[in-house]
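Take a look at the structure below.
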Amino acid sequence: MILSLQGCMAVGKTTAARYLQAHDPQLHVCFEDNAAVIAEVKHRGLDKNCYADYLEIQRLFLQNEVRRWQEAQKYPCTVMDFGAEEIVFYTLHYPKSKGLDWGVEELRRALAPELAAAQGCMPEHILFLDASDETLRTRKEGDTGRESPPIIVDGDRRSRELDSDIGAFE
């Protein structure tokens with residue numbers, strides 16, 4: 001069984017995963033690890049605002065998520081601090097959130113093999129964590145453990161979540 005923890009940036013996905021890991025030694029926890037992808041993007045000088053580069057970036061992220069899921073399959077019960085559903089959603093909808101005119105169907109066609117592979121990696125269960133905007137801001141301001149962009153306070157939690165995954169190399 002794979003359980004994916006979902007929610008806005010700073011809602012506590014990693015904290016919850018660490019708690020579960022500390023309190024159930026039989027549980028496998030798979031933490032988000034995009035360092036190799038981000039390093040490759042930087043090395044290649046890819047720009048997520050350029051269509052061709054965006055496709056390459058998302059291929060890297062989608063392939064990384066498939067590898068994470070394959071690793072999770074080795075254990076009877078795995079908790080992931082986000083799952084394939086996150087990267088698939090991001091891949092298809094991030095450009096529109098930034099005002100880029102790349103249609104969802106166009107992206108689906110261009111990334112069909114990678115999206116199909118990621119679609120095969122969906123978790124059996126998703127637990128969505130939530131917190132107030134005030135709590136999210138406070139946690140984000142106090143989070144010194146990772147580099148990420150500031151929270152966008154526009155009342156749309158999904159847009160804050162979208163920027164969190166790839167914002168580290170902006």
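Here are the numbers for the structure shown:
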| item | result |
| --- | --- |
| 17 Å Cα-Cα reach of residue 48 towards lysines, excluding residues that sit fewer than 8 places from it in its own chain | 96, 98 |
| Rounded to the nearest 10 Å², the accessible area of residue 143 at probe 1.4 Å | 50 |
| Cα-centre dipole for the range 16-139 with unit charges at Cβ (Lys and Arg positive, Asp and Glu negative), debye to 20 | 240 |
| Accessible area of residue 139 in the full protein assembly, 1.4 Å probe (Å², nearest 10) | 110 |
| Accessible area (Å², per residue) of the range 1-54, counting only protein heavy atoms and a probe of 1.4 Å | 53 |
| Net length gained if the chain between residue 101 and residue 53 were fully extended (0.36 nm per residue, minus Cα distance) | 15.8 nm |
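The values are calculated or read from the model by the stated rules, or taken from the named source; none is laboratory data. Predicted, not measured: the structure shown is a model, and the values here were computed from it. Counting neighbours? That spans all protein chains shown, and the Cβs are built from the backbone with ideal geometry, glycine included. When the accessible area is computed, the model is the full protein with side chains, heavy atoms only, and any ligands, DNA or RNA have been set aside. Shrake-Rupley method; radii C 1.70, N 1.55, O 1.52, S 1.80 Å.
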